[in-house]
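Since the structure comes first, as structure tokens, the remarks are kept for the end.
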Amino acid sequence: MNAVSAYETSAAARIGGRVYPRRRRRIKGASIAVLVFLAMCAAFISIPLYVVIVTSFKTMDQIALGEVFSLPTTWTFEGWWKAWAEVCSGMTCEGVRHGFFISLAILFPSLFLSIALASVTGYALALWNVRWAGPFLFVLFMCAFVPFQIIMIPLVALTASLGIYGTIWAIAVIHAVLAMPLLTLIFRNFYKDVPPEIINAAIMDSGSFWRIFAEIILPMSGNIMIVVLILMITSVWNDFLIGLTFGGMGAQPMTVILANTVITERGEVHYNVDMAAALLTAIPPLVVYFGLGKFFVQGITAGAIKG
Amino acid sequence: MSRRLTSKRLLGAFGLALAIGAAPFASAAATELKLFHTWSNESEIGALNAIVKAFEAKGNKITEMAVPHEQAGSSPLVSLIVAGTPPNLFINSEPGLYRDLTKRGLGEPLDAYFDKIGATPNFPETVLKSIKVDGEIRKIPTGVHIDGMIYYNKKVAAEAGVDPTKWASLDDMFADMKKVQQAGFTFIGVGGNTFQAGYLFHALVAAVAGPDIYNRFYGETPDKTVFDEKGLRDAIDMFRKITSQADAGWVNRQWNETTSTVISGKTLMQIHGDWMKGQWKANKKVLGEDFGCINIPGTKALSVTVDAFGILGGQPDDVLKAELDFAGTVVDPKINAEFASIKGSSPVRLDVPTDKLDACNQLVLDSLKKPGFSVQNPFNISDTDWLNSVWNTMYTFQGDPDMTVDDVIGDFRSEYAAVFP
């Protein structure tokens, strides 16, 4: 409590020189239930996370004892180093860092393509008189509900015919196409709050479609761009199936490398290495969330005009 | 006549020199093969490297694509084929895929080549059956695994005063149960998922009921009279007896974690595929000192998994030659023995040098030499829906103590009616 609020509180309690005892707030049953529920939700995530973290620092001998909740008797970073630099994905034994750089190479074109495509489409649908805009939006909306697995093989044939199958561009294009319905709806809903007078004035000042977009719309899109960036970074980074299917022989992202490390049917398992590899793969989206989480909430609640 | 050396002529001469200089290298350029596989474990990659090293020493080259294990294996392979970039060598056991490749003109039988290099007569009968599709050899066998063996902790056995190598039957084995329990150990480590239940059951059908009932039960279209066989009922009964040894933590326990209970000395033994050896090695335990292996006591047959690479046909001569070179390298007796010793499998030939084989490999090879003693893993011979039904039924049986052998047989009959109407 700062000095001002402390003064206000004491002033409220001393009215006319008399001191009135403050009523103690009673915790209601409903509040307790909510607290218990939230604590259970937190435990549901944090207990397995605790097991993952402590296991990553244990030796295999201690892991074999099966006491999953115990702290490491000997703390070792061996699992972390092996996961980062030595674990094999096929014959490439360079750890998950090998996939880390491929994932980065996939991330940037995916973000650029998906956000560029969806923001322009959303802008056109919201602020310009586009013929068949309603049916187009409806079709786009319906596309969001088509399971990816149904169109996977035709998309493989399509990217192969474009000559990009097995490259990071195939993965980036597929991410952009699959994200387009949701992102377009987000941008369109954001831009429809822009008053038409602004656009009309810009047109009268001889503003073209692209110039208005670049000089008026984009500068006021900071909030929604943060929201979309966080959504896309998480989705692209955590993706497994698109990377596995379209990465071909040379563009497998970090999640595929992680799966190669962790998933085994008949092979031996190094639990400490697996746990460390899983944590290393999860760190980048977590950093983005922690770093930009505040802006995400702001972006979700703000409109194009209100800040 | 004087000729001026213009820059154009200089460039032309340089280009010609480059072309002439490069020609011998071009003709001797390595043929590059694309290999698609599902291996990433230390032991698997160590073993694969042994093959690739020997293959590349012949002047060829391998580029690879590794994907996560079997569950995700088929889909990326199909994608590569659809995209028009099929790999030259691939891991896949589904006969349907090989038939599809043949229809696309991409099939390549290996019978003649394996005959030519003298490999065929040295493949055990089960290996030969497993690598054939519609009567033709279509796969290159890499290693053999036994689906049901016993790996036991030697210190626990010594402390409990039992010697598993003396067990001649499952009755002998269970006769020692009390001794082990009284010494404070769990008798048999049991895990909890359909994979372990399914593998334990088919290993027991082979061991207790024998090869005839096994093949009638797991055949492409099962013989429904097999449900009346006493041998099948005995196998189900033995399944109950073994799984009822489970300790408190068996639910959802993976096989590796079950192995850990044996490694850590809480449990005497585990009955599972011989790939358990990899987990013992990962924990730096030594065969003969820390652990030992035996077949299921008194077993009538062994169920055998054969790991193999498929091969792509319809290729130019140089590529096909390189593919056959690869096949020859894989089944080379010396290299195959080295592969087996690193991977923890057993060799696919009976004539391999024995210096690199351990006692468990030797036991497997001795078993495979016996005619009619081995049967194929159900994945090679069964209908997928039928196999899933069997796995689910046995996993339900494992978890439901009130379910009887009659209930299991009843479930098999109804599943059979649904799968083979």
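The values are calculated or read from the model by the stated rules, or taken from the named source; none is laboratory data. No experiment lies behind these values; they were computed from the predicted model shown. Don't worry about glycine lacking a Cβ; one is built from the backbone with ideal geometry, like all the others, and counts go over all protein chains shown. Side chains are part of the model used for accessible areas, which takes the heavy atoms of the whole protein and leaves out ligands, DNA and RNA. Shrake-Rupley method; radii C 1.70, N 1.55, O 1.52, S 1.80 Å.
For the stretch B:22-40, the condition of being modelled with pLDDT under 90, buried (at least 23 other Cβ atoms within 10 Å of the Cβ), touching a Cys at 6+ places or on another chain (Cβ under 9 Å) and polar (S, T, N, Q) holds for at least one residue. Taking the listed residues B:Glu338, B:Glu323, the one that is on the phi < 0 side of the Ramachandran plot, open to solvent by 20 Å² or more (accessible area, probe 1.4 Å) and more than 14 Å from every other protein chain (Cβ to nearest Cβ) is B:Glu338, with no other qualifying.
List the helices (runs of 4 or more DSSP H) that sit entirely inside the stretch B:313-376 and contain at least 3 residues that are at pLDDT 90 or above, farther than 20 Å from B:Pro124 by Cβ and not charged (D, E, K, R). It would help to see each step written out before you state the result.
Numbers: elements: B:317-330, B:333-343, B:359-369.
In the stretch B:313-376, B:317-330 are the helices (runs of 4 or more DSSP H) which contain 3 or more residues that are at pLDDT 90 or above, farther than 20 Å from B:Pro124 by Cβ and not charged (D, E, K, R).
Looking only at residues of the stretch A:254-285 that are touching a strand residue (DSSP E or B) at 6+ places or on another chain (Cβ under 8 Å) and in contact (Cβ under 8 Å) with a residue 40 or more places away in the chain, we find that the one that is nearest to A:Ser70 (Cα to Cα) is A:Thr261.
Among the residues making up the stretch A:235-257, those that are assigned to a loop (DSSP other than H, G, I, E, B) and either modelled with pLDDT of 90 or more or farther than 12 Å from B:Ser79 by Cα (or both) are A:Asp239, A:Phe240, A:Gly250, A:Ala251, A:Gln252, A:Pro253. Set side by side, the residues B:Ala209, B:Ala175 differ, and just one is aliphatic (A, V, I, L, M), open to solvent by 10 Å² or more (accessible area, probe 1.4 Å) and in contact with a Leu (Cβ under 9 Å, 6 or more places away or on another chain), which is B:Ala209.
Okay, residues lined up against (1) among the aromatic types (Phe, Trp, Tyr); (2) closer than 23 Å to B:Thr396 by Cα; (3) at pLDDT 95 or above:
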| position | (1), (2), (3) |
| --- | --- |
| B:Asp172 | no, no, yes |
| B:Lys178 | no, no, yes |
| B:Gln181 | no, no, yes |
| B:Gly192 | no, yes, no |
| B:Leu204 | no, yes, yes |
| B:Gly210 | no, no, yes |
| B:Asp234 | no, yes, yes |
| B:Met238 | no, yes, yes |
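Residue under question is A:Ala118, and the condition is that it be open to solvent by less than 30 Å² (accessible area, probe 1.4 Å) and modelled with pLDDT of 90 or more; does it hold? Give the derivation first.
Values: open to solvent by less than 30 Å² (accessible area, probe 1.4 Å): yes; modelled with pLDDT of 90 or more: yes.
It is true that A:Ala118 is open to solvent by less than 30 Å² (accessible area, probe 1.4 Å) and modelled with pLDDT of 90 or more.
Could you check how many residues of the stretch A:150-170 are touching a residue at least 12 places away in the same chain (Cβ under 8 Å), in a helix (DSSP H, G or I) and of a type outside the set (A, V, I, L, M)? Even if it seems obvious, please write down each step before you answer.
Keep residues of the stretch A:150-170 that are touching a residue at least 12 places away in the same chain (Cβ under 8 Å), which gives A:152, A:155-156, A:159, A:165-170.
Filter once more, keeping what is in a helix (DSSP H, G or I): A:152, A:155-156, A:159, A:168-170.
With of a type outside the set (A, V, I, L, M) added as a condition, the list becomes A:159, A:169.
Total meeting the criteria: 2.
Hey, B:Arg413 hits all of (1) at pLDDT below 95; (2) surrounded by fewer than 18 Cβ atoms within 10 Å (Cβ to Cβ); (3) assigned to a helix (DSSP H, G or I) but one; which does it fall short on? Of the numbered conditions (1) at pLDDT below 95; (2) surrounded by fewer than 18 Cβ atoms within 10 Å (Cβ to Cβ); (3) assigned to a helix (DSSP H, G or I), the odd one out for B:Arg413 is (1). Taken together, the residues in the stretch B:70-90 that are within 11 Å of chain A (Cβ to nearest Cβ) and open to solvent by less than 10 Å² (accessible area, probe 1.4 Å) amount to 6.
Residues considered: B:Asp223, B:Asp237. Of these, the only one that is open to solvent by 30 Å² or more (accessible area, probe 1.4 Å) and closer than 20 Å to B:Leu302 by Cα is B:Asp237. Does any residue of the stretch A:286-296 turn out to be touching a residue at least 24 places away in the same chain (Cβ under 8 Å), within 11 Å of chain B (Cβ to nearest Cβ) and surrounded by fewer than 16 Cβ atoms within 10 Å (Cβ to Cβ)? Checking the stretch A:286-296: not a single residue is touching a residue at least 24 places away in the same chain (Cβ under 8 Å), within 11 Å of chain B (Cβ to nearest Cβ) and surrounded by fewer than 16 Cβ atoms within 10 Å (Cβ to Cβ). Considered as a group, the residues in the stretch B:91-106 that are open to solvent by less than 20 Å² (accessible area, probe 1.4 Å) and at pLDDT 90 or above include one that is farthest from the other protein chains (Cβ to nearest Cβ), and that residue is B:Tyr98. Scanning the stretch B:4-19 finds no residues that are at pLDDT 80 or above, open to solvent by less than 80 Å² (accessible area, probe 1.4 Å) and more than 9 Å from chain A (Cβ to nearest Cβ). Taking B:Phe201 as the residue in question, decide whether it is surrounded by fewer than 22 Cβ atoms within 10 Å (Cβ to Cβ), in contact (Cβ under 8 Å) with a residue 60 or more places away in the chain and not polar (S, T, N, Q). For B:Phe201, the condition - surrounded by fewer than 22 Cβ atoms within 10 Å (Cβ to Cβ), in contact (Cβ under 8 Å) with a residue 60 or more places away in the chain and not polar (S, T, N, Q) - is not met.
Does A:Ala118 satisfy being more than 22 Å from the chain's Cα centre (by Cα) and either under 18 Å from A:Phe240 (Cα atoms) or touching a residue at least 40 places away in the same chain (Cβ under 8 Å) (or both)?
Details: more than 22 Å from the chain's Cα centre (by Cα): no; either under 18 Å from A:Phe240 (Cα atoms) or touching a residue at least 40 places away in the same chain (Cβ under 8 Å) (or both): yes.
The answer is no for A:Ala118.
Within 13 Å of another protein chain (Cβ to nearest Cβ) and of a type in the set (Ser, Thr, Tyr): is that true of B:Ser130 in this structure? It is false that B:Ser130 is within 13 Å of another protein chain (Cβ to nearest Cβ) and of a type in the set (Ser, Thr, Tyr).
Within the span defined as the stretch A:61-76, one or more residues are out of contact with any Ser or Thr (no Cβ under 7 Å at 6 or more places or on another chain), charged (D, E, K, R) and surrounded by fewer than 19 Cβ atoms within 10 Å (Cβ to Cβ). Considering the conditions (1) within 13 Å of chain B (Cβ to nearest Cβ); (2) open to solvent by less than 60 Å² (accessible area, probe 1.4 Å); (3) modelled with pLDDT under 90; (4) closer than 30 Å to A:Trp75 by Cα, A:Ile263 is excluded by exactly one of them, (2).
Here's the yes/no breakdown for (1) more than 25 Å from A:Ala259 (Cα to Cα); (2) assigned to a helix (DSSP H, G or I); (3) hydrophobic (A, V, I, L, M, F, W, C):
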| residue | (1), (2), (3) |
| --- | --- |
| A:Gln62 | no, yes, no |
| A:Trp75 | yes, no, yes |
| A:Leu107 | no, yes, yes |
| A:Leu113 | yes, yes, yes |
| A:Ala126 | yes, yes, yes |
| A:Asn129 | yes, no, no |
| A:Phe141 | yes, yes, yes |
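In the stretch B:285-312, the residue that is nearest to the other protein chains (Cβ to nearest Cβ) out of those that are open to solvent by 20 Å² or more (accessible area, probe 1.4 Å) and in a loop (DSSP other than H, G, I, E, B) is B:Lys285.
Quick one: which residue in A:Thr234, A:Thr261, A:Thr281, A:Thr245 is touching a Leu at 6+ places or on another chain (Cβ under 6 Å) and polar (S, T, N, Q)? Can you show your working first?
Details: A:Thr234 fails: touching a Leu at 6+ places or on another chain (Cβ under 6 Å); A:Thr261 fails: touching a Leu at 6+ places or on another chain (Cβ under 6 Å); A:Thr245 fails: touching a Leu at 6+ places or on another chain (Cβ under 6 Å).
Residue meeting the stated conditions: A:Thr281.
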